[in-house]
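The values are calculated or read from the model by the stated rules, or taken from the named source; none is laboratory data. In this text, all values refer to a predicted model and were calculated from it rather than measured experimentally. No Cβ is skipped: glycine too gets one built from the backbone with ideal geometry, and neighbour counts run over all protein chains shown. All accessible areas refer to the heavy atoms of the entire protein, side chains included, with ligands and DNA or RNA removed. Shrake-Rupley method; radii C 1.70, N 1.55, O 1.52, S 1.80 Å.
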Amino acid sequence: DTFGECEGVLHETMSPDIHVDIIIIPPAEGRNFYTLCTIGVGAHRMNVPNEYRYKLHMAERAELVMYLPADWNMTEEGLSDERNYWPVRLMKNFARMPIAEDSWMAWGHSYQREGEECFAEDVPYSSAVLLCPEPVIDNIVSCPLSVGKSVDFYQVFPLTHEELAFEIESEDE
């Protein structure tokens, strides 16, 4: 209901830890963009500090959302080109960050490739930040679970190296 009707799933064939699939939601009336959404990231309970869990009601489980232009080549052939596939890889890498670092992720957290290496040839982005999913940028999208817990959704927003440096510098002020 929140993100649209699923057209397909990019199934992960080899999973080093959690199984992360990506749902593809095509453009539709009123939404001139593709929506990619993870399934499986919420299987991992993140190590969220108690002050954030209790005072800010931050979930210990998360899923990721990313928006791509309506003309993005989401065909199987198109996704065989890294210049089209990099958003999927980025979402999977970001999804596994809390596992690799025994940590957590939430609004404002960032991910960066080694050095300043871009995600793909002819792509200016080498990092990303998590935001609250559009179109309600000021509100967290949360899905309640039957066990009394919830899963928070975060938008993966790609950044250039310079934009990430600015984001980090702004945090320090």
Of the trypsin sites (Lys or Arg not before Pro) in region 43-75, those whose Cβ has at most 14 other Cβ within 10 Å and which sit in DSSP loop: Arg45
Stretchable slack from Glu167 to Asn73, in nm (0.36 nm times residue separation minus alpha-carbon distance): 30.9 nm
The chain, accessible area per residue, ligands and nucleic acids excluded (1.4 Å, Å²): 58
Interchain or long-range residues, amide H under 5 Å from Val141's placed H: Phe153
Potential lengthening between Glu121 and Trp107 on full extension [0.36 nm per residue; Cα-Cα distance subtracted]: 2.2 nm
Cα centroid separation, region 1-74 to region 94-117 (Å): 15
Estimated 222 nm signal from helices in the chain, with DSSP H stretches of n ≥ 4 weighted -39500 (n - 2.57), rounded to 500: -6000 deg cm²/dmol
Packing-based order for 73-85, 30-42, 93-105, using average beta carbon neighbours within 10 Å, highest first: 30-42, 93-105, 73-85
Protein accessible area in the chain, 1.4 Å probe - carbon and sulfur %: 51
Under-5 Å amide H pairs with His109, H placed in peptide plane, nonlocal only: Leu130
Computed lengthening from Asn93 to Tyr54, 0.36 nm per intervening residue step minus Cα-Cα distance: 11.3 nm
Derived scalar couplings ³J(HN,Hα) [region 15-25; Karplus, 6.51 cos²θ - 1.76 cosθ + 1.60; whole Hz; x for Gly, Pro]: 10, x, 8, 6, 8, 10, 9, 10, 7, 10, 10
In nm, spacing of pseudo-spin labels at Thr2 and Ser15 (7 Å Cα→C-beta vector): 2.0
Over the chain: Kirkwood hydrodynamic radius from C-alpha pairwise inverse distances, Å: 16.8
